[in-house]
1. Where residues in the stretch 96-149 are open to solvent by 60 Å² or more (accessible area, probe 1.4 Å) and in contact with a Leu (Cβ under 7 Å, 6 or more places away or on another chain), which of them is nearest to Lys10 (Cα to Cα)?
2. Just one of Asp46, Asp61 is loosely packed, with under 11 Cβ neighbours inside 10 Å and at pLDDT 85 or above; which is it?
3. May I ask you to verify whether Val82 is modelled with pLDDT of 85 or more, open to solvent by 30 Å² or more (accessible area, probe 1.4 Å), at negative phi and assigned to a loop (DSSP other than H, G, I, E, B)?
4. State which residue is farthest from the chain's Cα centre (by Cα) when the search covers only the stretch 33-43 and only residues that are outside any strand (DSSP E or B) and surrounded by 18 or more Cβ atoms within 10 Å (Cβ to Cβ).
5. Filter the stretch 1-32 down to residues that are touching a residue at least 40 places away in the same chain (Cβ under 8 Å) and aromatic (Phe, Trp, Tyr) and give me whichever is least open to solvent (accessible area, probe 1.4 Å).
Amino acid sequence: MRVVVREAFKAYINHQPEDFHVGQKIKGDTAVLLLRRCAAVDPEDDEARELADLLDDSKDDEDQEQEPPRTPATPEVVPIDVQGDGANGGPPPGPPGELDIDATVADVLAWVGEDTSRAREALAQEQAKDHPRSTLVKQLTPIAGADGQ
């Protein structure tokens, strides 16, 4: 299965951010995941077109606004600033929602992204624990701007 990126975006694949660029061809499981998440991709082969049609039909049939359940391999699609001047606006990259401080280090860092306020919140919650994870504290400190603390 193959798809072609029609608009630049960033997606978290297995908790790792990956940039996708216009015209880039994606195949295999990543192509399936991007189609299922309605990312800015177009089907390139018959198999991808069939899946896209099936997904479109299921959206029309269901009259619910509920998002399908997410799995660890499901990417979080985040628009990226192609121009480099903040033209895309919107919230900072990173998964939406509340911080789960008991999540894995990778999940907490994915939630934080490069957001200073999120880093400070996560750092404060982690340091308030009886046994803070030194690896997480070490990685959050520079993002939070708390190098001297």
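The values are calculated or read from the model by the stated rules, or taken from the named source; none is laboratory data. These numbers were taken from a predicted model, which means no experiment stands behind them. Neighbour counts run over all protein chains shown; Cβ positions are idealised from the backbone, glycine included. Accessible surface areas use protein heavy atoms only, side chains included; no ligands, DNA or RNA. Shrake-Rupley method; radii C 1.70, N 1.55, O 1.52, S 1.80 Å.
1. Residue satisfying both the conditions and the ranking: Gln139.
2. Among Asp46, Asp61, only Asp46 is loosely packed, with under 11 Cβ neighbours inside 10 Å and at pLDDT 85 or above.
3. No: the conditions fail for Val82.
4. Here is the first cut: in the stretch 33-43, the ones outside any strand (DSSP E or B) are 33-40.
Okay, now just the ones that are also surrounded by 18 or more Cβ atoms within 10 Å (Cβ to Cβ), so 33-35, 39.
On the way: Leu33: 12, Leu34: 11, Leu35: 14, Ala39: 11 Å.
Only one residue tops the list, namely Leu35.
5. Taking the candidates together, the pick is Phe9.
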